[in-house]
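These notes are about the structure you will find just below.
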Amino acid sequence: MDQTAEFVRLWTQYHRDVERYVYSMIPRSADAAEVVQVVSVKLWEKWENYDNERPFIPWAMRFAWLEILKWRQRLAREKLVFSDELLQQMHSTHEELDPVMEMRRKILGKCLEKLNQEDRELVRLRYGGRHGAIKEEAERTGKKMHLLYYALERIRVQLLNCIELNMQRGGMADA
Amino acid sequence: MHSLKNADLDNLLAKLVDDSITAEELAGLEKMLNGDVSAQRRYFHYLDLHMDLQERATQSKIHLRTRFGLSKWKVAGVAAMFCLWIGLSYFAISGGSGSKSSAFARITGMDGLIEWSAQDGSIINDLSIGDPLGEGIIEGLNSNSWVEIELNDGSEAVISGISKLKFSQNQGSKVLRLSQGYLSVNVTHQPKGKPMLVFSPGARAEVLGTQFNVVASPESTRYTVNEGLVRVKRINDGSVQEVSANHYVVAGLDSEEEFKSVLLQDYSEEWKSEFPRDVRRGHLYQSEKFTAINPAINPAVKLLTKYSSSAQRLLAPYRLRTKSCIWFEKGRKPELHFSVNIGVSATSPLPVRINEEAKFKIRGRIDTNMFGVDDSNFFIVGFTANRAHGGFAGKYITKEKVDLNPKDNNDQFEIEIPISEFWKVEKGEIKDSLVRGSSAGLELLDLWFVTYQNIGLEIFDVEIILKDE
């Protein structure tokens, strides 16, 4: 297969994993997006060195990790950035967790089905709605906006608990 | 299962993913995570859940995307992937435009990175002159991009720079939707009762046959009519202006602003950038000095700036830093560059015309710590120009590298570049060339700065001044 096409194929398949990883280490979407962009460019630049006998994801994650560290150095004085020490710890924890993440994502589908109609609608508004949809919902229903956000917080916890319960039942608990 | 400790952690994580966490709370979160693997696992699971919900919501609504829009992360993610993706796809995807059925238009000229998204969802980046296009979206992806298309009724349209144009047909009317950037249209006579419809931020225009230019920023659109008549409706309050030849109108999202057709006799030959108003591309940020002095006042001043531009002076000045992007020039391999793009005409109170004696005064900074082995100490400046009475005129760039030596001034620089030093980019079959050609009398649409390596270029402001002053 053409080398460029192969890169595009692999990146298409795995770029979301890299995005998730970068976002979890840099939880500011604009910054994370910048870093992912740089990572993708670096991967392309180094593509000649990629050993296609080895898995793509760990190779890509190494570049992502280096770019996260560079980003951290650049913004060292900012308050909204994790410390070097914590980033190192998080990096190790993430490596341990990686094998179970895909399974958790599969279980989420089942857990979403268990939500009641109102909660599902709120999730849809928050994640699928246009910007300001929660505010509009608050105005429409007369509910206070912060109460809707509390409800979302509750729903997320409910989903996390549901996932963990299912993981335990399947003998795959990680935490 | 859900301990009190987890409750505190979840509360902070909810604030984190909802973008409402404060610096103090983040410090609290860091404290909870530090040395606690269980809390770190919870953190990853929480953020992964958040992203998974975003992905699911987006995927399940692909066909409703125009109604509900993309999630914030999705938008950021897409934006992040944008440059490389297109650059790579340029090589990877082959086989023509793929939209030969129901051809709506064909490409008659182009340069730079151009992307075509057909209605069937396919994305094509290897466009060539002569390619037919069906209904879909055409985008200019870089500052140096432009594409000219001829619609099947003989009308011509040019988009330039970072621009996005969707074209389709609705009950016999041609519909153009410019969501950002620059569009110049030469419309042939349209059938009675079926005007061409042009949608842009804040406005909708009906056109029967004319030549006009549209410059769209996220908050407003300027329609400049060179021949004929264009009926422009401001969307938010429904008010209408008939814009005749040699007139222009600016339609903003804010209905408090004046919406009136103005004779195109006044223009400015001087201009000064204003951020964030003029930012088209780049990473905009503010010094934190002001916030550090009095964090309570900053939000109030930010709010004030919505109503009074003078309040802007109270805020720490904005700086525009380059973003990375794959850069494509005809005859060269795509390369990683770093660029910013600044809009001029979309938001300036008057059209800005180039005077032969004018010069750009640029203030900014480069980070000498980021300098590589060579090719570091310079940037390239370019601008897009329009003919004063209609139509896209071309792109101009500095012929020579702009050498800097800012070491003595904390890496900051202030340089002046005469207009006469800008050369016109002439497209060729195999590669582009630069030719000496005066841009005097043309209207300035936007300008951009490019570096070949990431040298942390930041632009503080740009002025166009007349040489004598």
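Look at (1) at pLDDT below 80; (2) part of a strand (DSSP E or B); (3) under 15 Å from B:Trp146 (Cα atoms) and you find that B:Lys395 fails only one, number (1).
Quick test of your reading of the structure: B:Glu219 fulfils all but one of (1) surrounded by fewer than 18 Cβ atoms within 10 Å (Cβ to Cβ); (2) of a type in the set (D, E, K, R); (3) over 23 Å from the mean Cα position of the chain (by Cα). Name the failing condition by number. So B:Glu219 meets the others, but not (3). Candidates are the residues of the stretch A:1-17 that are more than 10 Å from every other protein chain (Cβ to nearest Cβ) and within 18 Å of the chain's Cα centre (by Cα); the one that is surrounded by the fewest Cβ atoms within 10 Å (Cβ to Cβ) is A:Gln13. Of note, B:Lys260 does not satisfy the criterion of being surrounded by fewer than 22 Cβ atoms within 10 Å (Cβ to Cβ), in contact (Cβ under 8 Å) with a residue 24 or more places away in the chain, among the basic types (Lys, Arg) and under 22 Å from B:Gln180 (Cα atoms). Total residues in the stretch A:82-123 satisfying the condition of being touching a residue at least 24 places away in the same chain (Cβ under 8 Å) and closer than 26 Å to B:Asp367 by Cβ: the figure is 2.
Condition check ((1) modelled with pLDDT of 90 or more; (2) at the interface with chain A (Cβ under 8 Å from one of its Cβ atoms); (3) surrounded by 14 or more Cβ atoms within 10 Å (Cβ to Cβ); (4) closer than 14 Å to A:Arg156 by Cβ) across all residues:
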position: B:Leu9; (1), (2), (3), (4): yes, no, yes, yes
position: B:Lys15; (1), (2), (3), (4): no, no, yes, yes
position: B:Glu24; (1), (2), (3), (4): no, no, no, no
position: B:Ala39; (1), (2), (3), (4): yes, no, yes, no
position: B:Tyr43; (1), (2), (3), (4): yes, yes, yes, yes
position: B:Glu55; (1), (2), (3), (4): no, yes, yes, no
position: B:Arg65; (1), (2), (3), (4): no, no, no, no
position: B:Phe68; (1), (2), (3), (4): no, yes, yes, no
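Only one entry in A:Leu69, A:Leu108, A:Leu87 is more than 11 Å from chain B (Cβ to nearest Cβ) and assigned to a helix (DSSP H, G or I), namely A:Leu69.
Touching a Leu at 6+ places or on another chain (Cβ under 8 Å) and either part of a loop (DSSP other than H, G, I, E, B) or modelled with pLDDT of 80 or more (or both) - does that describe any residue in the stretch B:282-294? Yes: one or more hits.
Only residues that are farther than 15 Å from B:Pro195 by Cβ, free of Cβ contacts under 8 Å to residues at least 60 places away in the same chain and part of a strand (DSSP E or B): list them for the stretch B:225-248, please. Within the stretch B:225-248, B:Arg234, B:Gln241, B:Ser244, B:His247 qualify. Regarding the stretch B:453-462, can at least one residue be identified that is at pLDDT 80 or above, buried (at least 18 other Cβ atoms within 10 Å of the Cβ) and on the phi > 0 side of the Ramachandran plot? Yes, because at least one residue in the stretch B:453-462 is at pLDDT 80 or above, buried (at least 18 other Cβ atoms within 10 Å of the Cβ) and on the phi > 0 side of the Ramachandran plot. For A:Ile26, the conditions (1) crowded, with 20+ Cβ neighbours inside 10 Å; (2) more than 7 Å from chain B (Cβ to nearest Cβ); (3) more than 15 Å from the chain's Cα centre (by Cα) all hold with the exception of (3). Looking across the stretch A:35-46, the residues that are crowded, with 17+ Cβ neighbours inside 10 Å and either more than 12 Å from every other protein chain (Cβ to nearest Cβ) or in contact (Cβ under 8 Å) with a residue 12 or more places away in the chain (or both) come down to A:Val35, A:Val36, A:Val38, A:Val39, A:Ser40, A:Lys42, A:Leu43, A:Trp44. Here's a check for you: in the stretch B:128-162, which residue that is of a type in the set (Gly, Ala, Ser) and assigned to a loop (DSSP other than H, G, I, E, B) is farthest from B:Ala385 (Cα to Cα)? If we take residues in the stretch B:128-162 being of a type in the set (Gly, Ala, Ser) and assigned to a loop (DSSP other than H, G, I, E, B), then B:Gly134 is farthest from B:Ala385 (Cα to Cα).
In the stretch B:414-424, is there at least one residue being out of contact with any Ser or Thr (no Cβ under 8 Å at 6 or more places or on another chain) and either buried (at least 20 other Cβ atoms within 10 Å of the Cβ) or at pLDDT below 80 (or both)? Checking the stretch B:414-424: not a single residue is out of contact with any Ser or Thr (no Cβ under 8 Å at 6 or more places or on another chain) and either buried (at least 20 other Cβ atoms within 10 Å of the Cβ) or at pLDDT below 80 (or both).
Conditions tested, residue by residue: (1) at pLDDT below 85; (2) in a strand (DSSP E or B); (3) within 21 Å of A:Lys70 (Cα to Cα); (4) not assigned by TED's automatic domain parsing to the domain that holds B:Leu127.
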residue	(1), (2), (3), (4)
B:Glu329	yes, no, no, yes
B:Phe338	yes, yes, yes, yes
B:Ser345	yes, no, no, yes
B:Ser348	yes, no, no, yes
B:Glu356	no, no, no, yes
B:Lys361	no, yes, no, yes
B:Gly364	no, yes, no, yes
B:Asn369	yes, no, yes, yes
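Of the residues making up the stretch A:114-166, those that are assigned to a loop (DSSP other than H, G, I, E, B), basic (Lys, Arg) and more than 7 Å from chain B (Cβ to nearest Cβ) are A:Lys143, A:Lys144.
The values are calculated or read from the model by the stated rules, or taken from the named source; none is laboratory data. Source: prediction; values computed, not measured. Using ideal geometry, Cβ is built from the backbone for each residue, glycine included, and neighbour counts are taken over all protein chains shown.
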